[in-house]
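Just below is one structure, and these are the notes that go with it.
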Amino acid sequence: MATLKDAKRIVIKVGTSTLTHSTGKTNIRRMKALVAVISDIVNSGIEVALVTSGAIGVGVGKLGLKDRPTDTAGKQAAATVGQCELMFMYDKMFGEFGHATGQFLITKRDVEHEECHNNLINAFEKTFEYGAIPIINENDAVAVEEIVYGDNDSLSAIVAKLVKADALLILTDIDGLYDDNPNENEDARIIPVVEEITEGLFEIAGGKGSKFGTGGMITKLIAAQIATEAGIDTIIINGFDADNIYKVLEGHQVGTFFVAKNRK
Ligand code: GLU
């Protein structure tokens, strides 16, 4: 059975759908639950880096915009507002449990430029050493097309590599990767363990008419591919119940477990 054993450092990725209501306003209950579980895990001796989305979504909510902007400047402006709000809330909530947070806003350029890359690794290490929780998002305000990751799934896998994490936990709004579209096929089942990320899996995740896949599972599979190839176990779980994080760390079968290649 594929389980996480003795993970000492993990990366958790949480998306906008977990952090916000359909109104765009912050989902305080879920955010609080997530912060409480992460704080508890850190107290138990596991280092956690949190990759968070939600800057644009929270910005739209805070500004009271009717729709999410579609132009670059609009998205960037919403992200600048939302990022402040997000970090304010994380810092306040983690602070209640006695934890300091450190904000990392990064772009592809920072990761690909050798000197920046090394500085980034050192900054992560120091942040862990100081006992703070690194919170990472893409630097949406400056990340124009040629330097943009675009989705935080890929970014979370890159961060997992940078911090040499033992595992990457991707929190999403469904229970894992299904073998068919659960909206159309009531017999669709969660795939518990994936040893090999094949073309077939990508077809399942993004197949025509598969609503559950579009804009979600494909990027998560890509992230799982990047991380597992770097020796990092990757688990996709439902983020609506933060206790799933405990279950994964305790070795229970939950969500979809992508087994690392050449585990460290
Ligand atoms: N960086 C974007 C934000 O914070 C999220 C990208 C994504 O949804 O993966 O809004």
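The values are calculated or read from the model by the stated rules, or taken from the named source; none is laboratory data. Everything numeric here is computed off the predicted structure, so don't read it as measured data. Counting neighbours? That spans all protein chains shown, and the Cβs are built from the backbone with ideal geometry, glycine included.
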(message) If I ask for residues that are free of Cβ contacts under 8 Å to residues at least 12 places away in the same chain and among the polar types (S, T, N, Q), which ones from region 114-133 would you list?
(response) Asn118, Asn119, Asn122
(request) Return the only residue of Ile197, Ile237, Ile226, Ile245 being assigned to a strand (DSSP E or B) and modelled with pLDDT of 90 or more. (result) Ile237
(request) Confirm whether His99 is away from the ligand (no atom under 16 Å from the Cβ), in a loop (DSSP other than H, G, I, E, B) and on the phi < 0 side of the Ramachandran plot. (result) yes
(request) Taking Tyr90 as meeting all but one of (1) more than 17 Å from Thr18 (Cβ to Cβ); (2) among the hydroxyl-bearing types (Ser, Thr, Tyr); (3) within 13 Å of the ligand (Cβ to nearest atom), write down the number of the exception. (result) (1)
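Regarding region 59-79, can at least one residue be identified that is within 15 Å of the chain's Cα centre (by Cα), at pLDDT 90 or above, within 14 Å of the ligand (Cβ to nearest atom) and in a helix (DSSP H, G or I)? Quick ask: steps written out before the conclusion?
Of the residues in region 59-79, the ones within 15 Å of the chain's Cα centre (by Cα) are none.
Looking through region 59-79, none of the residues is within 15 Å of the chain's Cα centre (by Cα), at pLDDT 90 or above, within 14 Å of the ligand (Cβ to nearest atom) and in a helix (DSSP H, G or I).
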(message) So, in region 102-122, exactly how many residues are more than 16 Å from the ligand (Cβ to nearest atom) and part of a strand (DSSP E or B)?
(response) 1
(message) So in region 145-172, with the set limited to residues that are part of a loop (DSSP other than H, G, I, E, B) and at pLDDT below 90, which one is surrounded by the fewest Cβ atoms within 10 Å (Cβ to Cβ)?
(response) Gly150
